[in-house]
Structure formats: structure tokens, C-alpha cells
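Taking it in order: structure first as C-alpha cells, then the write-up.
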Amino acid sequence: MKAIFLLFLLVASSSVQAALCVENNTLKCDELGYTESSCPNGGIACPFDISRWHCAEWTCEDGRYFSEQQPDADCVEVEYSNSKTVCYDCACKSGSIDYENCWISASVSLNNLLTDKTLCAKQGYTDAAGSCSNYLVCPSDESKIRCIGG
């Protein structure tokens, strides 16, 4: 009888601890930003409770687009990342590339991108050479790359 009672206490204690663990894990998920129950545009599931999600918040700049039309450029409206976010794919006006004034971002000229090595990190060329098989090389510094794809 004593052995059955001890076994019952162990099982009951394990059940209480398991219930507390699940409750605490949900709390951990909330604290870590996993507050959604689904993500229409993709996200990451909480490692403690896969029913809790942190949803992706896409911006045009994540896709190398612009969130508004750029001056002195030919821009085409595009939808980015299934999020129905309206972005603009812009290029220098056709037929007249001015390397001194043609922009790449709001304050970077094409000439600067080709010559200023300090812009590599600002443009996302922060990966180490050899760390991936698909990559882009920074135009002004061939030792700086940006991994692309999977």
C-alpha cells in the first residue's frame, strides 16, 4: 500500500510540474514576442509552444525596393512578399545615367557605391567570404559579400 501511495504522489507531482511547465512556456513565448496564433505572411513558431508565433513584418527595403517613388527615376509599382505591401522598383531614367547624381538609395549616388568602401556594410554586404555559395559582391570592395537565397 505504501508503494502505491508513493507511486501516486510521483505521478501527481509530475503532472503538476508538466502543467506548470506548459503555463510558463506560454508566458516565455509572450515575453519573447511570440504573441500571434497565425501569420498570413510567414513567421517563426515559438520553440516552447508551436501554437504561438512571431509574424514577419516586411518592409519594401527588405526586398531592395523603395517605399515611395524616387525623384529623377523611372519607378514601377510592385507588390512585395505576399504582404500586399506596395513598393517601388526604381531605376535611373533610361538613356541618361549620371554617375554623379543617379541614386541607389535616398542619399547614395551610383558613383559613391562604386568607389566608397564604407558603404558596403550599409548596403548589407556583411557576410564573410566562403560562408555561402550564392552571394553578391560589394561593387566597391570585392572582399565584402552578401549571401542570397537559402
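Extension gain for the segment VAL76 to THR115, taken as residue separation times 0.36 nm less the Cα-Cα distance, is 11.3 nm to one decimal. Once all protein chains are placed together, GLU79 keeps about 120 Å² accessible to a 1.4 angstrom probe. Accessible area per residue was computed with a 1.4 Å probe on protein heavy atoms; ILE148 scores about 70 Å².
Length gained on full extension, ARG146 to THR35, computed as 0.36 nm times the residue gap minus the Cα-Cα distance: 36.8 nm.
The values are calculated or read from the model by the stated rules, or taken from the named source; none is laboratory data. None of the values given here were measured: they were computed from a predicted structure. The protein model used for the area step is the full one, side chains on, heavy atoms only, and it has no ligands, DNA or RNA in it. Shrake-Rupley method; radii C 1.70, N 1.55, O 1.52, S 1.80 Å.
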